[in-house]
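So the structure is just underneath, and the comments pick up after that.
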Amino acid sequence: MVLLTKKYFTRDEANQLLPYVREELAFLQEAKRRFYKLYQEREQIRRKQPASEKELFDVECRLEFMEMEAQMHISSLIGKGIQVKDIDIGLFDFPAIIDGEEVLLCWRAGEDSITYYHGLHDGFSGRKRID
């Protein structure tokens, strides 16, 4: 039996991971755009009469591959202890301990560094500035 221990980040550790997080976010956002475009293409193929089974199969295989590829990137982030909250706005949390309390360091795309945190159940709207 393998026991997994929860990863906690210092603010510096989380900030050091931001270049990696930004790179993964860029990949995931682009993958989502490409996926949506290909999904629309699949829907057009389905509406054709008669629909080309081979063409439909090829597109569905590509969609499935894209989904697996994106999941691998998300799993890589999660494997490092990073919580992926929202790909569209680029929202990520890093478990941490502040003043003896378990919290989540919170980073949103566009922010230079991690300057906010929130309680485990507060969410983005409960963000507080790190002193």
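The values are calculated or read from the model by the stated rules, or taken from the named source; none is laboratory data. Since we're looking at a predicted model, the values are computed, not measured. Using ideal geometry, Cβ is built from the backbone for each residue, glycine included, and neighbour counts are taken over all protein chains shown.
Only a single criterion out of (1) surrounded by fewer than 17 Cβ atoms within 10 Å (Cβ to Cβ); (2) at pLDDT 95 or above; (3) farther than 25 Å from Glu30 by Cα is not satisfied by Gly126, namely (2).
To keep it simple, each residue is scored yes or no on (1) under 17 Å from Lys85 (Cα atoms); (2) surrounded by 13 or more Cβ atoms within 10 Å (Cβ to Cβ); (3) among the polar types (S, T, N, Q).
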{"site": "Glu24", "(1), (2), (3)": "yes, yes, no"}
{"site": "Ala31", "(1), (2), (3)": "yes, yes, no"}
{"site": "Arg47", "(1), (2), (3)": "no, no, no"}
{"site": "Ser52", "(1), (2), (3)": "no, no, yes"}
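Scan segment 88-105 for residues that are surrounded by fewer than 18 Cβ atoms within 10 Å (Cβ to Cβ) and closer than 18 Å to Lys32 by Cα and report the count. Total meeting the criteria: 3.
If you go through segment 23-56 and keep only what is in contact with a His (Cβ under 8 Å, 6 or more places away or on another chain) and acidic (Asp, Glu), you end up with just Glu24.
For segment 12-131, the strands (runs of 3 or more DSSP E) that sit wholly inside it and include 2 or more residues that are of a type in the set (Phe, Trp, Tyr) are 91-98, 116-119.
How many residues does segment 112-123 hold that are within 15 Å of Asp12 (Cα to Cα) and exposed (fewer than 14 other Cβ atoms within 10 Å of the Cβ)?
So the answer is 2.
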